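A short write-up of the structure that comes next.
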Amino acid sequence: MKALAAAGIVALTLCAPALAKFQISVAATDTTPAVGQRVIVIVRSERKLDYNLRLIAVAPGKDIFRVVATITGDTSHPDPSIARNGFEVHLLRTAPNRWRGMVRFWSTGRWLLVVPNWAATGIVIPAGVARLTLAVR
């Protein structure tokens, strides 16, 4: 029994780095932009990443899961109205832990910017690893 417990502790110690979570944040130059106004967004992780993060804009009142899954290609039932319901914000890596992008919104309402969980593959469970709401006027 002691050997099994010791093996379990060793396994957990070795797996901990792989399961470690870290913070990701999203910031914008203006959280209440006008329709068509240029907004700069910055995405930061608390540590260097070997892959790029993605940022998805979800239109007001639209289903976050369906929009993100459609844009990332993680669904067999894509949203047929994706052009009206959301889009991906092009991000440029500016540092090992920082990305920058520019976005313009085409309608008023509460838009949601989402960094999907599992960034390398792009799934939202339950609602993104980082989110920012912008009240577009």
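The values are calculated or read from the model by the stated rules, or taken from the named source; none is laboratory data. Quick caveat: nothing in here was measured; it's all calculated off a predicted structure. Because the Cβ atoms are built from the backbone with ideal geometry, glycine has one as well, and the counts that use them run over all protein chains shown. The protein model used for the area step is the full one, side chains on, heavy atoms only, and it has no ligands, DNA or RNA in it. Shrake-Rupley method; radii C 1.70, N 1.55, O 1.52, S 1.80 Å.
Annotations
- Cβ-defined net charge surrounding residue 103, 12 Å radius [Lys, Arg +1; Asp, Glu -1]: +1
- Among the protein heavy atoms, those of residue 108 account for about 80 Å² of accessible surface (1.4 Å probe, every chain in place).
- Modelled label reach - residue 40, point 7 Å along Cα→Cβ, segment 91-119 residues with backbone N closer than 19 Å: 91-105
- For segment 23-101, the dipole from Cβ point charges (+1 on Lys and Arg, -1 on Asp and Glu) about the Cα centre works out to 280 debye, to the nearest 20.
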